[in-house]
Amino acid sequence: MRINEIIKERRLAKGFTQEQIANYLGVTAPAVNKWEKGTSCPDIVLLPALARLLDTDLNTLLSFQDDLSEKEVALFLNEVSEAAKKDGFEAGYSLAIGKIKEYPTCDLLIGNVAMLLNGLLLFQGNRIDSYEKYEEEIEALFQRVMQSDRIDIREQAQAYLISKLMEKQDYEIYLATLRERNRIAREIHDNVGHMLSRSILQMGALITIHKEEPLHGQLAGVGETLNQAMNSIRESVHDLHDESIDLRQSIAEATREMKEHYQLTVDYDMSPEIPRNVKYCFITAVKEAMSNIAKHSDADKISVILREHPAFYQLTVEDNGTVGRKGQSGLLWEEEVVRMDGKEGIGLSNMKERVQALGGTFRIHTENGFVIFISIPKRDKM
């Protein structure tokens with residue numbers, strides 16, 4: 001209960017009127033009325049006298065409580081869940097942080113709130129602005145209870161923080177691997193490739209000069225071997241380059257300029273090892289979607305979600321604009337983009353063809369904005 005509620009409850013229990021309380025404390029009746037309405041609070045010097053008058057103590061009057069019980073925490077977590085469900089993650093988050101400020105040393109509250117907020121963030125990620133900011137603040141809550149006296153809270157926090165650290169380390173290792181592949185590809189291209197090219201030219205000259213057999217045939221055979229080696233080198237360099245593409249970084253680059261003009265969120269949850277065909281498909285789709293939104297939509301919010309599931313990869317691009325040219329609606333957006341493009345590899349029709357070539361599903365939804373949904377099944381090789 002709040003102090004205003006306690007004052008009113010205790011006053012009525014003691015049979016006092018607001019005027020009597022005012023006379024005893026040397027204040028006005030309207031002042032007491034404001035206390036009970038919660039529009040103002042008693043002066044701090046009046047609190048001891050007010051507590052004695054209402055036959056209570058200061059802790060009760062000020063609703064002071066050292067900690068929350070498990071039951072109280074459980075009930076509060078339900079409130080946070082309902083607030084997030086009804087009014088969005090931000091509402092639940094604000095309610096939770098307000099309670100933590102009220103009980104800053106209650107590890108039971110902080111640890112359980114951190115777990116709940118983390119779950120809500122993952123569940124509602126595609127609808128949450130400033131996703132990374134909330135993720136950092138939730139991590140800070142886990143950091144606060146790392147040394148908790150409660151073993152269960154401490155172990156929850158440690159498990160969460162260790163998993164985050166491992167994700168970060170895995171990603172750093174992955175980036176180092178990509179950089180090494182790029183380095184090897186450059187070395188092969190610049191050194192081995194150059195030497196092979198020079199050898200092929202020299203062999204071509206020798207074949208032209210020496211037309212007599214059997215030397216001509218032998219030189220031609222060596223020339224063919226060199227050409228095959230060059231083709232093999234080119235394929236190896238191409239493969240190394242493809243494997244060294246970082247999908248997360250490429251998506252960030254494809255959406256970077258849009259952040260200047262749109263409220264954009266990117267929710268990325270993919271493992272490092274993604275088949276290169278899937279990478280190219282998703283990168284191309286995101287670039288095309290960003291271009292089409294900029295050209296044809298009146299949206300101000302964009303959501304990009306990349307998720308890896310046990311059986312498939314998923315990409316969703318969503319905006320809150322009207323479908324069609326700015327100011328129009330219906331399915332004209334898709335028709336017009338396809339008609340305006342008319343170029344191979346550009347437009348929704350080509351996006352669809354690229355997805356279907358990988359055995360995937362391409363769908364468009366036009367309710368409450370424009371949504372492109374792509375799913376590609378996992379295969380052993382792509």
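The values are calculated or read from the model by the stated rules, or taken from the named source; none is laboratory data. All figures in this text were calculated on a predicted structure; none of them were measured in a lab. Cβ placement follows ideal geometry from the backbone for every residue including glycine, while neighbour counts extend to all protein chains displayed.
Quick one: what pairs do we get from region 108-120, first residue not assigned by TED's automatic domain parsing to the domain that holds residue 267, second among the basic types (Lys, Arg) and part of a helix (DSSP H, G or I), C-beta under 8 Å, 6+ apart or different chains?
Here the result reads 109/99; 110/144; 113/99, each pair linking region 108-120 to a residue that is among the basic types (Lys, Arg) and part of a helix (DSSP H, G or I).
Just name the residue that is modelled with the lowest pLDDT out of those in region 63-91 that are surrounded by 15 or more Cβ atoms within 10 Å (Cβ to Cβ) and part of a loop (DSSP other than H, G, I, E, B).
Only one residue tops the list, namely 68.
Starting from residues that are touching a strand residue (DSSP E or B) at 6+ places or on another chain (Cβ under 9 Å) and assigned to a loop (DSSP other than H, G, I, E, B), keep the ones in region 263-287 and report whichever is nearest to residue 307 (Cα to Cα).
Going through region 263-287, the residues touching a strand residue (DSSP E or B) at 6+ places or on another chain (Cβ under 9 Å) turn out to be 263-271, 274-275, 277-278, 281-282, 285-286.
Subsequent filtering for residues that are assigned to a loop (DSSP other than H, G, I, E, B) retains 270-271, 274-275.
Numbers: 270: 6, 271: 9, 274: 11, 275: 14 Å.
By that ranking, first place goes to 270.
When only residues in region 212-247 that are buried (at least 16 other Cβ atoms within 10 Å of the Cβ) and at pLDDT 75 or above count, which is farthest from residue 278 (Cα to Cα)?
Across region 212-247, the extreme among qualifying residues is 219.
Checking the conditions here, which among 200, 184, 207, 251 is under 30 Å from residue 285 (Cβ atoms), modelled with pLDDT of 70 or more, in contact with a helix residue (DSSP H, G or I) (Cβ under 8 Å, 6 or more places away or on another chain) and not assigned by TED's automatic domain parsing to the domain that holds residue 277?
The match here is 184.
Does any residue in region 10-26 that is assigned by TED's automatic domain parsing to the domain that holds residue 52 come within less than 6 Å, Cβ to Cβ, of a residue that is of a type in the set (S, T, N, Q) and not in a helix (DSSP H, G or I) six or more places away or on a different chain, and which pairs are these?
Partner pairs satisfying both residue conditions: 10/56; 22/28.
From the list 297, 329, pick out the single residue that is in contact with a Lys or Arg (Cβ under 8 Å, 6 or more places away or on another chain) and either modelled with pLDDT under 85 or at negative phi (or both). Lay out the reasoning, then the answer.
Details: 329 fails: in contact with a Lys or Arg (Cβ under 8 Å, 6 or more places away or on another chain).
Only one candidate passes the filter, namely 297.
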